[in-house]
Amino acid sequence: MDKRLTLFVNTVLSVLIALAIWVLVLLVSNNNEHPFDITKNARYTLALQSKQAVTSLTTPVKVYAFNDEKSKTKSEELLKRYQNVDGQKFTFEVVDPIKKPLLAKKYGIRMRGEGVVEIKDGKGRTERLTGISEEEITAALLKLQRNATYKAYFLTGHGERDLNQSEATGFSQLRADLVKEGFVVEPLSLAATPKIPADANLLVLAGPIQPLLPGEQKLVKDYLDNYGRVLMMYEAETPDSYTELVKPYGIETTGNIVLDQFSQKLQAEPVFSIGLHFDPNHPITKDYKIQTMFVLARALKVATTAPSGVIDTVLVTTNPSPPTALEVPLAQVLGQTSLKVDLTKIKPSVATLAVAAEKKEETPKASPTPAPDQAKNTRQVRLVVVADSDALSNQLYIVNKDFALNSFNWLVANDTAISIRPKDELAQPLNMSGQEQTKMAF
């Protein structure tokens with residue numbers, strides 16, 4: 001065969017083979033599509049809580065998103081992520097309320113951008129969406145599945161944080177999110193009402209700076225000892241008498257304030273302590289991969305040998321490798337306008353910033369006719385101690401949101417609500433010079 005003809009035939013065959021391979025790759029990739037989300041904050045990936053909200057559905061739901069053609073694509077993209085988790089349990093329809101006014105009227109839709117989640121249980125139960133966002137949809141799914149509410153009482157009268165204050169030191173953001181999670185949040189003054197209400201699922205001591213009166217101390221101690229649930233948050237000024245409440249469960253404070261060298265990497269003052277290590281097995285911190293932040297935290301310590309029946313878990317510590325925490329005596333920090341401590345003379349260590357304790361009721365010995373109170377063998381003391389109440393204040397709440405809400409849900413044994421929640425979408429503007437824009441266009 002002529003060499004030129006042979007070369008031509010080989011070229012044609014090579015091109016045909018290349019085309020065949022290309023078509024095969026397209027077919028395979030089309031049937032095995034896998035998107036990669038490389039945006040900051042994983043903006044286009046559902047949070048773990050959102051996925052769990054779909055998989056835990058026992059009855060299918062349908063979401064109606066009322067939007068015009070201009071906003072339809074964005075709503076569809078979000079809703080498809082939910083549908084991809086389980087298309088049998090989650091379906092949706094994007095509707096223009098102008099084109100389908102009767103459907104909009106049925107669900108009380110007043111304007112575009114609203115929506116509704118309807119659970120297909122024959123009862124017509126629905127949850128309104130004020131916006132088509134992951135946070136709204138997931139909250140609605142969880143609310144439709146919720147069978148109980150939880151009463152959380154915040155102790156007042158000792159300089160604790162204000163639930164209604166919207167400034168940096170207040171707890172208004174925490175309160176708003178607790179309501180979304182199914183909590184009924186109320187203040188409690190033991191001076192005005194000298195008892196802990198019988199419907200209390202949780203008692204919160206949010207950074208007290210004045211001691212409890214002897215009667216109040218006894219009420220809190222008796223509540224906790226009688227299988228109560230308590231969240232204790234320290235401040236630098238919190239009196240040592242509060243340690244007496246948690247000491248029987250193997251938790252104390254060292255009397256030191258934590259300064260953290262690692263905070264300088266985040267361009268923050270050393271008064272900020274950065275929680276970087278989390279217990280991977282405890283429900284509160286399982287799957288937790290982002291840092292937590294505290295201000296002038298009181299260093300916690302756990303007993304080497306836990307008290308009988310108590311399980312202590314160190315939830316959060318500062319950087320362990322290399323150690324970056326500098327523990328400074330409380331007296332050298334309180335009342336000072338500036339730090340006058342030679343930090344070069346303090347050996348870095350690992351500081352404990354949050355601890356959980358659990359104590360189950362001992363199962364009574366078997367007897368032919370057990371007493372009525374012996375039948376209750378599933379109650380538990382649950383206690384979370386946090387080194388600083390600023391961690392849950394408006395100032396740092398956005399950083400510590402998952403840790404805060406997971407702690408509340410674990411304390412009341414609402415384990416199904418413990419998760420990593422949807423993050424707020426962050427605008428990430430890309431600023432480029434004219435030359436850079438030309439290169440990008442090219």
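Which residues, counting only those in the range 317-335, are assigned to a loop (DSSP other than H, G, I, E, B) and either in contact (Cβ under 8 Å) with a residue 40 or more places away in the chain or open to solvent by less than 20 Å² (accessible area, probe 1.4 Å) (or both)?
Start the filter on the range 317-335 by keeping residues that are assigned to a loop (DSSP other than H, G, I, E, B), which leaves 318-319, 321-322, 324, 333-335.
Of everything in the range 317-335, those that are assigned to a loop (DSSP other than H, G, I, E, B) and either in contact (Cβ under 8 Å) with a residue 40 or more places away in the chain or open to solvent by less than 20 Å² (accessible area, probe 1.4 Å) (or both) turn out to be THR318, ASN319, THR324, VAL333, LEU334.
Checking SER241 against (1) open to solvent by less than 60 Å² (accessible area, probe 1.4 Å); (2) within 29 Å of GLN49 (Cα to Cα), which test does it fail?
(2)
Can you tell me which condition LYS247 does not meet? The list is (1) touching a residue at least 24 places away in the same chain (Cβ under 8 Å); (2) outside any loop (DSSP other than H, G, I, E, B), and all the others hold.
(1)
Here is a list of conditions, (1) small (Gly, Ala, Ser); (2) over 26 Å from TYR223 (Cα atoms); (3) more than 16 Å from the chain's Cα centre (by Cα); (4) open to solvent by less than 20 Å² (accessible area, probe 1.4 Å), and GLY275 meets all of them except one; can you say which number that is?
(3)
Of the residues that sit in the range 340-358 and are aliphatic (A, V, I, L, M) and modelled with pLDDT under 95, which one is surrounded by the most Cβ atoms within 10 Å (Cβ to Cβ)?
First, the residues of the range 340-358 that are aliphatic (A, V, I, L, M): 341, 343, 346, 350-351, 353-357.
Then keep just the ones that are modelled with pLDDT under 95; that gives 341, 343, 346.
Numbers: VAL341: 17, LEU343: 12, ILE346: 15.
Restricting to residues being aliphatic (A, V, I, L, M) and modelled with pLDDT under 95, the top hit is VAL341.
Inside the range 114-124, can you point out the residues that are in a loop (DSSP other than H, G, I, E, B), open to solvent by less than 60 Å² (accessible area, probe 1.4 Å) and either out of contact with any Asp or Glu (no Cβ under 9 Å at 6 or more places or on another chain) or not small (Gly, Ala, Ser) (or both)?
Within the range 114-124, the first condition is being in a loop (DSSP other than H, G, I, E, B), and the residues that meet it are 114, 120-124.
Add one more test, that the residue is open to solvent by less than 60 Å² (accessible area, probe 1.4 Å), and what stays is 114, 121, 124.
Within the range 114-124, GLU114, ASP121 qualify.
Out of the residues in the range 77-102 that are outside any loop (DSSP other than H, G, I, E, B) and either among the hydroxyl-bearing types (Ser, Thr, Tyr) or surrounded by fewer than 16 Cβ atoms within 10 Å (Cβ to Cβ) (or both), which is nearest to the chain's Cα centre (by Cα)?
Restricting attention to the range 77-102, the residues satisfying the condition of being outside any loop (DSSP other than H, G, I, E, B) are 77-85, 90-95, 101-102.
Now drop any that are not either among the hydroxyl-bearing types (Ser, Thr, Tyr) or surrounded by fewer than 16 Cβ atoms within 10 Å (Cβ to Cβ) (or both), which leaves 77, 80, 82, 84, 91, 93, 101-102.
Values: GLU77: 25, LYS80: 24, TYR82: 20, ASN84: 24, THR91: 27, GLU93: 30, PRO101: 38, LEU102: 39 Å.
Among those residues, the one meeting the criterion is TYR82.
One line per residue, one yes/no per condition, for (1) modelled with pLDDT of 90 or more; (2) β-branched (Val, Ile, Thr); (3) within 16 Å of VAL61 (Cα to Cα); (4) out of contact with any Gly (no Cβ under 7 Å at 6 or more places or on another chain):
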| position | (1), (2), (3), (4) |
| --- | --- |
| ILE109 | yes, yes, no, yes |
| VAL117 | yes, yes, yes, yes |
| LYS120 | no, no, yes, yes |
| LYS123 | no, no, yes, yes |
| GLY131 | yes, no, no, no |
| THR138 | yes, yes, yes, yes |
| LYS143 | no, no, yes, yes |
| TYR150 | yes, no, no, no |
| LEU155 | yes, no, no, yes |
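Quick check, is VAL246 at pLDDT 95 or above, surrounded by 18 or more Cβ atoms within 10 Å (Cβ to Cβ), among the aliphatic types (A, V, I, L, M) and within 22 Å of the chain's Cα centre (by Cα)? Give the steps one after another, and end with the answer.
Numbers: at pLDDT 95 or above: yes; surrounded by 18 or more Cβ atoms within 10 Å (Cβ to Cβ): yes; among the aliphatic types (A, V, I, L, M): yes; within 22 Å of the chain's Cα centre (by Cα): no.
Judged against the criteria, VAL246 is not a match.
Pairs only if they're at least six apart or on different chains, beta carbon under 6 angstrom, first in the range 95-122 and touching a residue at least 12 places away in the same chain (Cβ under 8 Å), second open to solvent by less than 20 Å² (accessible area, probe 1.4 Å) and polar (S, T, N, Q); list them, first residue then second.
ARG112/ASN67
Determine the pairs where a residue that is of a type outside the set (Ser, Thr, Tyr), located within the range 303-316, has a partner that is assigned to a strand (DSSP E or B) and open to solvent by 90 Å² or more (accessible area, probe 1.4 Å) with Cβ atoms under 6 Å apart, the partner being 6 or more residues away or on another chain.
none
So which of LYS105, LYS72, LYS62 ends up being of a type in the set (Lys, Arg), open to solvent by 50 Å² or more (accessible area, probe 1.4 Å) and in contact with a strand residue (DSSP E or B) (Cβ under 7 Å, 6 or more places away or on another chain)?
Working: LYS105 fails: in contact with a strand residue (DSSP E or B) (Cβ under 7 Å, 6 or more places away or on another chain); LYS62 fails: open to solvent by 50 Å² or more (accessible area, probe 1.4 Å).
Only one candidate qualifies: LYS72.
Test ALA140 against the stated conditions and say whether it is surrounded by 14 or more Cβ atoms within 10 Å (Cβ to Cβ), closer than 28 Å to ALA413 by Cα and not β-branched (Val, Ile, Thr). Please lay out each step first, then the result.
Details: surrounded by 14 or more Cβ atoms within 10 Å (Cβ to Cβ): yes; closer than 28 Å to ALA413 by Cα: yes; not β-branched (Val, Ile, Thr): yes.
Yes.
Take the range 285-310 and flag every residue that is touching a strand residue (DSSP E or B) at 6+ places or on another chain (Cβ under 6 Å), assigned to a loop (DSSP other than H, G, I, E, B) and hydrophobic (A, V, I, L, M, F, W, C).
Listed by number, the residues that qualify are LEU296, ALA306.
Results for (1) at positive phi; (2) among the aliphatic types (A, V, I, L, M); (3) modelled with pLDDT of 90 or more, shown as yes or no for each residue.
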site: ILE251; (1), (2), (3): no, yes, yes
site: ASN256; (1), (2), (3): no, no, yes
site: ASP260; (1), (2), (3): no, no, yes
site: SER263; (1), (2), (3): no, no, no
site: ALA268; (1), (2), (3): no, yes, no
site: LEU276; (1), (2), (3): no, yes, yes
site: PRO280; (1), (2), (3): no, no, yes
site: TYR288; (1), (2), (3): no, no, no
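What's the total number of residues in the range 37-67 that are out of contact with any helix residue (DSSP H, G or I) (no Cβ under 9 Å at 6 or more places or on another chain) and modelled with pLDDT under 85?
If we filter the range 37-67 for residues that are out of contact with any helix residue (DSSP H, G or I) (no Cβ under 9 Å at 6 or more places or on another chain), which is where we start, we get 37-43, 48, 60, 62.
Narrowing further to those that are modelled with pLDDT under 85: 37-43.
Counting residues in the range 37-67 that are out of contact with any helix residue (DSSP H, G or I) (no Cβ under 9 Å at 6 or more places or on another chain) and modelled with pLDDT under 85 gives 7.
Determine, yes or no, whether ILE257 is under 20 Å from ILE346 (Cβ atoms), buried (at least 23 other Cβ atoms within 10 Å of the Cβ) and touching a strand residue (DSSP E or B) at 6+ places or on another chain (Cβ under 9 Å).
Numbers: under 20 Å from ILE346 (Cβ atoms): yes; buried (at least 23 other Cβ atoms within 10 Å of the Cβ): yes; touching a strand residue (DSSP E or B) at 6+ places or on another chain (Cβ under 9 Å): yes.
Yes: the conditions hold for ILE257.
Please name all residue pairs, on different chains or six or more residues apart, with Cβ atoms under 8 Å, provided the first residue is in the range 213-227 and is on the phi > 0 side of the Ramachandran plot and the second residue is in a loop (DSSP other than H, G, I, E, B) and open to solvent by 40 Å² or more (accessible area, probe 1.4 Å).
Filtered contacts from the range 213-227: TYR227/ARG379.
Condition first: open to solvent by 80 Å² or more (accessible area, probe 1.4 Å), at pLDDT 60 or above and either touching a His at 6+ places or on another chain (Cβ under 7 Å) or in a helix (DSSP H, G or I) (or both). Can you find one or more residues in the range 366-382 that meet it?
Checked against the condition, which is being open to solvent by 80 Å² or more (accessible area, probe 1.4 Å), at pLDDT 60 or above and either touching a His at 6+ places or on another chain (Cβ under 7 Å) or in a helix (DSSP H, G or I) (or both), the range 366-382 yields no hits at all.
The values are calculated or read from the model by the stated rules, or taken from the named source; none is laboratory data. Predicted model, so just to flag it, every value in this text is computed and none were measured. In this analysis, Cβ positions are derived from the backbone assuming ideal geometry, glycine residues included, and neighbour counts consider all displayed protein chains. Accessible surface is based on the protein model in full, side chains and every heavy atom, while ligands, DNA and RNA are left aside. Shrake-Rupley method; radii C 1.70, N 1.55, O 1.52, S 1.80 Å.
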